[in-house]
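In what follows, a single structure is set out as structure tokens and then discussed.
The values are calculated or read from the model by the stated rules, or taken from the named source; none is laboratory data. What you see is a predicted model, and the numbers here were worked out from it, not measured in a lab. Every residue, glycine as well, gets a Cβ built from its backbone with ideal geometry; the counts of neighbours run over all protein chains shown.
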Number of protein chains: 2
Amino acid sequence: MVNLRNADLVYSGKTKDVYKLENGNYILKFKDDVTGEDGVFDPGANKVGLTIEGAGKSGLKLSTYFFELFNKKGIPTHFISSDIDSNTMTVLPAQLFGKGVEVIVRYRAVGSFYKRYALYVEEGAKIGPYVEFTLKDDLRDDPLITEDALLILNIMNKEELSKVKAMAIEIAEIVKEELSKKGIELYDIKFEFGRITIENHIGLIDEVSGGNMRAYKGDKYIDPLTLEKIMLSK
Amino acid sequence: MVNLRNADLVYSGKTKDVYKLENGNYILKFKDDVTGEDGVFDPGANKVGLTIEGAGKSGLKLSTYFFELFNKKGIPTHFISSDIDSNTMTVLPAQLFGKGVEVIVRYRAVGSFYKRYALYVEEGAKIGPYVEFTLKDDLRDDPLITEDALLILNIMNKEELSKVKAMAIEIAEIVKEELSKKGIELYDIKFEFGRITIENHIGLIDEVSGGNMRAYKGDKYIDPLTLEKIMLSK
């Protein structure tokens, strides 16, 4: 059982609190708050819209499943271990790109992509895998950023950008494949990467759960808790 | 003198009307309407904000100056000739990319770039030449689009994209150099390109005037009419 008494709360995020351990590692405590608007869950939103009992534990369980799978496949991540009872995940220290960049892999034109480009695409059309980047910036509604702007603003260098883009597609393809085994289609998924400082290389950070993706069964959207139950059922 | 009686009005735009000639060429009639908000001129705006007497003729004069310069330098454009008295420019037919794409070359972090990325850049910081693309879409406020999205939405192909990007920088550098001869600094400039159908290659279309750029003398913004006067004075 993880004991948070010896850990310092260093950051309180929208859906997770972050504690620093004496050995340099961190603990992510998953909360029951989820992103959305007006009480409706929306993985594309960037503020907390509602609290769903069990959402934290559910997100942790599914994230743990995926991180263990990625590690088994040799994909670098910040994951060390999880303690489901205390809703915590222990992770390696990681340095963000800039103040945080979200990497979105899209397979269907939904969400903000459709809102921006409705003049050129039907809602739900297959488009991927297509990668785009947004800045984590609540004040400015997580603005879209081009690859060239990531470079000129020194948020990433060219090598890191190619690496992140390739890893995002590789990981999204694994998630897509896992979902498809349960008859579920991945429409889009949002990742965060960092420089894993101990090993000094790029790895997947944050979480990988229903809160970061849009998953559908036929034309029915599968909410995060249901997704976790389906994915983790034998 | 151009006679518009034998020409069909095919499109009425925010700042120009477009007429088709019997020989397949087009006439652009420059209007005195300029883009802005609440009566204040803003080259980054996408609706007509005010009418300035003489703005059309002034924009035509400066555009003519630049198009003649580009043609002399071997850069393909749609320009054939201008008739200043009638506020018209005769141009070759051109096919837009998609429903129109704006190509912005930035040298300083101002306008929508600064609004989006203020977390990472000081207003007015040197950043360029940096190229970005927006879609002409009034309903959606001319959204920013990534290079990958231009490709997957079939708005341009890869070859056209590289060509347009390289041409935009080449042309912006010429304009920047011309302005600097008069002690004026180019902060950013917006172009439109098309497939010039007769010659079947990519060329600069639309106009090149103060309405499409932000120009400064020291820290003083130079409005379009003043810019034309300074640039065309001996």
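Assorted remarks:
Every residue, every condition in (1) of a type in the set (Asp, Glu); (2) under 27 Å from B:Ile145 (Cα atoms); (3) touching a Gly at 6+ places or on another chain (Cβ under 8 Å); (4) part of a helix (DSSP H, G or I), yes or no:
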{"residue": "A:Ile155", "(1), (2), (3), (4)": "no, yes, yes, no"}
{"residue": "A:Ser162", "(1), (2), (3), (4)": "no, yes, no, yes"}
{"residue": "A:Lys165", "(1), (2), (3), (4)": "no, yes, no, yes"}
{"residue": "A:Ala168", "(1), (2), (3), (4)": "no, yes, no, yes"}
{"residue": "A:Phe191", "(1), (2), (3), (4)": "no, yes, no, no"}
{"residue": "A:Val208", "(1), (2), (3), (4)": "no, yes, no, no"}
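- Test: A:Glu178 is away from chain B (no Cβ under 11 Å), surrounded by fewer than 20 Cβ atoms within 10 Å (Cβ to Cβ) and either in a strand (DSSP E or B) or out of contact with any Leu (no Cβ under 6 Å at 6 or more places or on another chain) (or both): yes
- The condition (being assigned to a helix (DSSP H, G or I), not assigned by TED's automatic domain parsing to the domain that holds A:Gly210 and not hydroxyl-bearing (Ser, Thr, Tyr)) is satisfied by just one residue among A:Lys29, A:Lys61: A:Lys61.
- Set B:Ile75, B:Ile80: member being over 23 Å from B:Ser162 (Cα atoms), surrounded by fewer than 20 Cβ atoms within 10 Å (Cβ to Cβ) and among the β-branched types (Val, Ile, Thr): B:Ile80
- Contact map, segment B:117-129: residues that are facing chain A (nearest Cβ under 7 Å) and touching a residue at least 24 places away in the same chain (Cβ under 8 Å) paired with residues that are of a type in the set (A, V, I, L, M) and surrounded by fewer than 19 Cβ atoms within 10 Å (Cβ to Cβ), Cβ distance under 8 Å, separation 6+ or inter-chain. No pairs are found.
Residues checked against (1) within 24 Å of A:Ser233 (Cβ to Cβ); (2) surrounded by 15 or more Cβ atoms within 10 Å (Cβ to Cβ); (3) not hydrophobic (A, V, I, L, M, F, W, C):
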position	(1), (2), (3)
A:Ser58	yes, yes, yes
A:Phe66	yes, yes, no
A:Phe70	yes, yes, no
A:Ser86	yes, yes, yes
A:Thr90	no, yes, yes
A:Lys99	no, no, yes
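- When restricted to residues that are touching a Lys or Arg at 6+ places or on another chain (Cβ under 9 Å) and either at pLDDT below 95 or not polar (S, T, N, Q) (or both), segment A:16-58 contains 24.
- Filtered by the rule that a residue be more than 29 Å from A:Tyr120 (Cβ to Cβ) and without any contact (Cβ under 8 Å) to a residue 60 or more places away in the chain, segment B:82-106 gives B:Ser82, B:Ile84, B:Asn87.
- Of all the numbered requirements in (1) within 12 Å of chain B (Cβ to nearest Cβ); (2) of a type in the set (A, V, I, L, M, F, W, C); (3) over 18 Å from B:Lys165 (Cβ atoms), A:Ile145 misses one, and that requirement is (3).
Table: residues versus (1) in the same structural domain as A:Gly13 (by TED's automatic domain parsing); (2) within 16 Å of A:Val105 (Cα to Cα); (3) in contact (Cβ under 8 Å) with a residue 24 or more places away in the chain; (4) hydrophobic (A, V, I, L, M, F, W, C).
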site	(1), (2), (3), (4)
A:Leu151	no, no, no, yes
A:Ala172	no, yes, yes, yes
A:Leu179	no, yes, yes, yes
A:Glu185	no, yes, yes, no
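- Scanning segment A:148-167 for residues that are among the aliphatic types (A, V, I, L, M), more than 16 Å from A:Ile196 (Cα to Cα) and within 12 Å of chain B (Cβ to nearest Cβ) yields A:Ala149, A:Leu150, A:Leu151, A:Ile152, A:Leu153.
- Looking across segment B:130-142, not a single residue is under 19 Å from the mean Cα position of the chain (by Cα), exposed (fewer than 15 other Cβ atoms within 10 Å of the Cβ) and at the interface with chain A (Cβ under 8 Å from one of its Cβ atoms).
- The residues on offer are B:Ser209, B:Ser180, and the sole one that is at pLDDT 95 or above and in contact with a Ser or Thr (Cβ under 6 Å, 6 or more places away or on another chain) is B:Ser209.
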